[in-house]
Every structure is written in structure tokens, then in C-alpha cells.
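Written below as C-alpha cells is the structure these notes are about.
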Amino acid sequence: MGELRASNMRVAFRTDASLEIGTGHVMRCLTLASMLRSRGAECIFLSRAHEGHLLEQIERQGFTAFVLDEHPSSSLQKGVTADGQPPHAAWLGTSWENDAGDSQSALSTFSSMGPVDWLVVDHYGLDIQWERAMRESCIKLLVIDDLADRAHDCDLLLDQNLGRDAADYASRASRNTHLLMGPEYALLRPEFSEARDASLRRRSSPTLQQILVTMGGVDKGNFTRQVLMALNDCPLPEDVHVVAVMGPHAPWLADIRELTNGMRVATSVKVGVTNMAELMSVSDVAIGAGGSTTWERCSVGLPAVLASIAANQERITQAVVQSGAALECDMDSMHSTFMDLFASRDLPSRLAAMSRAAAAVTDGEGAQRVSGEMMCRKQ
């Protein structure tokens, strides 16, 4: 599969980022787009300029981003979800009909050669109605989903979450839809699989030298503050280094930077990092949200303490905890969970066991597998 080329293949991605949506959807689409581009495909993005968007980052990575029109009169922009719409329809900022029309216009500008080969949609606010409307604008359609809470009309359906299987989509996708289920298809950048071997080797004799805190690129609820305050009360070794990673649009960034000045152990804040695989590989435990970075952590065998800060993360967190790769805590029990872990005499053996379980979840080669499936099914 690695020798397949996608020369002359044209792919469009419909996805958004915002303070409400977060950054994960756009980031994993960028990963897939980069993999496809490395194999010869031409990729573009269709996205709205919500507050907290990532349009500049899309363009910095060398992709054209078509900014879809604003519809300020839409009731959905005010957070009202109409009957018969997906539970997250309000995240769209307009009606699905408006979105389909805007997307079709953008695609007609992109290509004068007819429909695109693949349209990839990664958006909880869109479902089978939008997908059917877009069928004339693409030859094949790939849906990226995590929730299994709405019907789809697509050729490929990717749900990269642990424990997911075909039965979850039995009534939500047609028999002709090819399903890609589980973390073996997790869309991770190549640096994670490249860092895997070295990261796993250094975990054969675990120590506690660096703690990585990643509560999401936006962290609208300022959960990073709660984590850091709980860590500050724990009996951590004096030579431990805490690294908090935040996105450039995180609304509480200045607050966190000020907080770190008073931490008992050395604590730094990194913004918009481009070396996450390296950071994870040299960290000994992560404290994070149960979002898409879960699969990044697992790919390099990084033990974690997970907190579900959004409803769509609960299933991921439970599955990963059940696998043995992580511990679960809620925001109220965080202090006691940290105390139990970091003060335990058997911490090295616990970290080693969690690392082995994490490494078994995914090898980080998912983007290669998904791009290969798209190339095989181009026609």
C-alpha cells in the first residue's frame, strides 16, 4: 500500500475549528491531507471563520482554504438546534442547506474539471442530508465520525475510536459503505510512528521526570488551571518538570502563564507546538482530555491520566482506561487521583504497565492506511 500514488487525485475537506468545536477535527484532516499530498494528491479545505478558527494554520501548511460565507440571520448561529437535525447542528453556524450551497460553490471554483475525486467531511453538525446534497459535487465521499449518533450516506466511514465496531453503524450507514473502525486507523502525523521505537525503549525503566499537560487546543473551560493547581499540591520530586501545552487561541493562556510563576516545581507553557511527538516521547506521564490526542499518546506508549471534559470524550476515556493504558479522573477527584499515583511506591511498575497497554492500542500508521484505502477506491 505504501507504493500507491495519488497523482491527479483531487480531495476537498469540509471541517471547522472554533472555541466551541475545538481544534481536533481540523488537525486530523490536515494530517490526512498531508499524507495524501505526499502521495501526489491535490487537497483543499472548506471552512468557516468561526471564532477560534484555524484558517491561517491550514494555509501555513500549504493548503488552499476556501472561507465559506457567513449567515448571521441563521437561528443555528444562536445555538438553537432545529428538530430533525444532528445534536451538534448548532456548531455549523447555519443550516445544512446553506452549508451545502456554500460548499458546492467553493468546489465549483476549485475545479473546472468536474466533481472532486473525494470529499472528506469531519463535522458533527452535518449528516446524511448534507451528504446526499453533495453527491453531485464529488465522486466519492468519506465521513470521519466519532459519535455514531446520526445517519450517513458515504463510501468510506472512519471512526478511529477504541471499542468501535460495525454494529455501531448498522442502522446509520448503508451496506455499501466500507467501514474503517478503531485506532489502527487513527489519523496521526508520521512523526508519531517515527518516534515510537525510541519512546518505547526509554520506558523499559520508567522514572518521573516530566509531566505533560494537554487539555485541548482551546481549553475553553480552563481545565489546565485545575490540573496545575492539583499538581502543585502533590508530593512531586523537586526535579520534575511540568509542561503545559496550549493552542494560540486558548482564552486562558495569559492566566496559565501567570499561574506557572508560582508553581512549586518548574513549569513551562508551550503554545502552538509543532513537535508534539517529541514532547510526548520525552514525557513520563500525561494528564489530558479524552480527545484525539489520546491516540497520539498511545502510539508512543505514554501513560496518561484522562479527564472527559466533553460528552463526546466519555466513550474514548472509558475504553482507554479499560485497556489499562490510562487512569480516569474527573475534575472533582483530580487531587486524590494524582496523590494516589504520584505518591505510590510502585509508580515505576504502574507506569511500565500503562505504557505497554498504550502501545498496544495503535502503532500510529493510521493515516497511511486511510489514504491507501482512498486511493484503492478512487474509481
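The values are calculated or read from the model by the stated rules, or taken from the named source; none is laboratory data. The shown structure was predicted, so the numbers you read here are calculated from the model rather than taken from an experiment. Here Cβ is always computed from backbone atoms with ideal geometry, including for glycine, and neighbour counts include all displayed protein chains. SASA here: full protein model, heavy atoms, side chains in, ligands and nucleic acids out. Shrake-Rupley method; radii C 1.70, N 1.55, O 1.52, S 1.80 Å.
Quick notes on this structure:
- Relative contact order for the chain: 16 percent, from Cα pairs under 8 Å spaced at least 6 residues apart, divided by residue count.
- Per-q log10 I(q)/I(0), region 182-251, q = 0.14, 0.17, 0.19, 0.25 Å⁻¹ (Debye; single scatterer per alpha-carbon; no solvent): -0.66, -0.92, -1.03, -1.10
- Summarising the amide proton neighbourhood of His241: residues at separation of 5 or more, or on other chains, whose placed amide H is nearer than 5 Å comprise Gln210, Ile211.
- Projected over all directions and averaged, the alpha-carbon convex hull of region 3-64 occupies 3.9 nm².
- Cα-Cα P(r), the chain, percent of pairs per 10 Å interval: 5, 24, 33, 24, 11, 3, 0
- Karplus-based coupling profile of region 300-306, in residue order and whole Hz: 9, x, 8, x, 8, 10, 10, with θ = phi - 60° in 6.51 cos²θ - 1.76 cosθ + 1.60 and x standing for Gly or Pro.
- Rel. contact order, % - alpha carbon contacts under 8 angstrom, at least six apart, region 296-379: 44
- Carbon plus sulfur fraction of accessible area for the chain, probe 1.4 Å, in percent: 48
- Put Arg132, Arg315, Arg369, Arg164 in order of accessible area, highest first, and with a 1.4 Å probe you get Arg132, Arg315, Arg369, Arg164.
- Its residue count N fixes a reference of 2.2 N^0.38 Å for region 317-357, and the Cα radius of gyration divided by that reference is 1.18.
- What the phi angles of region 336-353 give under the Karplus curve with 6.51, -1.76 and 1.60, with θ = phi - 60°, is a coupling list of 5, 5, 4, 4, 4, 6, 6, 9, 6, 6, 9, 3, x, 5, 5, 5, 5, 5 Hz, glycine and proline written as x.
- Listed residue (Gly40, His88, Met276) projecting farthest to the positive dipole end of the chain, Cβ model: Gly40
- For Phe13, residues with placed amide H under 5 Å, excluding near neighbours: Ile44, Phe45, Leu46, Val120
- Looking at the chain, the DSSP beta bridges with both ends there are about 0 percent antiparallel.
- When only Cα pairs below 8 angstrom with a gap of at least 6 residues are kept, region 241-324 shows a relative contact order of 23 percent.
- Exposure ranking of Met113, Met375 by accessible area [1.4 Å probe, largest first]: Met113, Met375
- In this structure Glu328 has an accessible area near 90 Å², from a 1.4 Å probe over the protein heavy atoms.
- Per-residue extension of 0.36 nm, minus the Cα-Cα distance of Ser112 and Val67, leaves a gain of 14.3 nm for this segment.
- For His335, His71, the ranking by accessible surface with the largest value first comes to His335, His71, using a 1.4 Å probe.
- If the Kirkwood radius is taken over C-alpha pairs of region 233-361, then at 20 °C and 1.002 mPa s the Stokes-Einstein diffusion coefficient equals 139 µm²/s.
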